[in-house]
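The values are calculated or read from the model by the stated rules, or taken from the named source; none is laboratory data. None of the values given here were measured: they were computed from a predicted structure. Glycine also receives a Cβ, built like all others from the backbone with ideal geometry; neighbour counts cover every protein chain displayed.
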Amino acid sequence: MHLDVTFPISKSSIQRIRTEKRKERAENIEIDFQNEVPDVVILHWDDKLLSALSARKSNERLPIVISYGLKKQLIAVPRLDNSTGKEQAQAVWKAILD
């Protein structure tokens, strides 16, 4: 029986490799997205506000999505101190500038 020793078998090695691969895929998606975006897109931000995952804080998050053609891309999910229209508009403007 032949064993291939090039594959990691420790939990920490597997987790580290998975994290690296996820980061690499995310960077590739971002590069592809930046290369494909047309001059005109539709910006969506008034969908549902998402509650923070932490039970200690009651901050909300605002998903900001752009769409063009048949594609949609999440560009930011900023944290909001409150869910007023002014706060949402500032978060959207900051996401556009970034």
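Which residue pairs have Cβ atoms under 7 Å apart, sit 6 or more places apart or on different chains, and have a first residue in region 5-26 that is modelled with pLDDT under 85 and a second that is β-branched (Val, Ile, Thr)? Close Cβ pairs (under 7 Å, with a partner that is β-branched (Val, Ile, Thr)) amount to 8/14; 8/17. When you look at residue 94, is it loosely packed, with under 10 Cβ neighbours inside 10 Å, among the charged types (D, E, K, R), on the phi < 0 side of the Ramachandran plot and at pLDDT 85 or above, yes or no? It is false that residue 94 is loosely packed, with under 10 Cβ neighbours inside 10 Å, among the charged types (D, E, K, R), on the phi < 0 side of the Ramachandran plot and at pLDDT 85 or above. The residues of region 70-88 that are in a loop (DSSP other than H, G, I, E, B), polar (S, T, N, Q) and in contact (Cβ under 8 Å) with a residue 24 or more places away in the chain amount to a single one, 83. Can you name every residue in region 27-43 that is modelled with pLDDT under 85, under 17 Å from residue 76 (Cα atoms) and not in a helix (DSSP H, G or I)? Scanning region 27-43 gives 37, 41.
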